[in-house]
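Report on one structure; see the data block that follows.
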Amino acid sequence: MTDLPVEQTWMVLVELLTDLRKKGIEIDPEIPKDIRMAKTTINFYKVNPADPERMNELKRINDFMNSAQDKLIDLAEDEGEDYKAQWIKKLTQASRGEKIYDLPEKKSTFVVGAPPGFTMVRITFRKPIPEERVQEIAEYNNVIIEFQTDTLLVIYGDKQNIQDSLKEMSSFFTEQID
């Protein structure tokens, strides 16, 4: 699957977020959440972009990205006009489809480990599961759920939150039994 222009925008937003954190800027917790949800939704969409159900995800991707971008540019403005202009230039290039970052050719389906401070679990289903319901569970239980494929999920978060998420997903396990 080829790279999507939105992936370049996502990378710019991650880099801007990281740079602002290094500068000691206080970041609204909704910003990283929007960025994570955008990436999760992009990965879900990329599994099968021709699927009409997944086409609906483009609006969600844009909503997450626009929300994060607006908030990050406001924070960048506090650092000065030159700083803000530098990031707007990168975002403009990314939105035009220009390549700013090299993205991996193929994402590995093997997950080495969770980011620092997180616990991780990987689940493989026999059949694809409804993404909207999974995202509701993720938001309610404060975990990050990434679709590696349409049948492989990785859940990151606190151990108790992951356990609570798995309990809510138990109905998906019973649906998988033939």
### Message
Glu26 - would you say it is under 28 Å from Tyr140 (Cβ atoms) and among the charged types (D, E, K, R)?
### Response
yes
### Residue satisfying condition, being surrounded by fewer than 18 Cβ atoms within 10 Å (Cβ to Cβ), at pLDDT below 85 and not assigned by TED's automatic domain parsing to the domain that holds Ile155, within set Glu79, Glu53, Glu57, Glu15
Glu53
### Message
Which of the numbered conditions does Val154 fail, given that it passes all the others? Conditions: (1) of a type in the set (A, V, I, L, M); (2) in contact with a helix residue (DSSP H, G or I) (Cβ under 7 Å, 6 or more places away or on another chain); (3) not in a helix (DSSP H, G or I).
### Response
(2)
### Query
For segment 117-151, how many residues meet the condition of being of a type outside the set (Val, Ile, Thr), closer than 23 Å to Lys59 by Cα and in a strand (DSSP E or B)?
2
### Task
List every residue pair whose Cβ atoms lie under 7 Å apart, where the two residues are 6 or more positions apart in sequence or sit on different chains, the first residue falls within segment 26-46 and is charged (D, E, K, R), and the second residue, located anywhere, is assigned to a helix (DSSP H, G or I) and surrounded by fewer than 20 Cβ atoms within 10 Å (Cβ to Cβ).
Asp28/Lys71; Asp34/Ser67
### Query
Can you pull out the residues in segment 8-51 that are of a type in the set (Ser, Thr, Tyr) and within 12 Å of Ala68 (Cβ to Cβ)?
Thr9
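The values are calculated or read from the model by the stated rules, or taken from the named source; none is laboratory data. Predicted model only: the values in this text are computed from it and were never measured. Ideal geometry is used to build each Cβ from the backbone, glycine not excepted, and the neighbour counts take in all protein chains shown.
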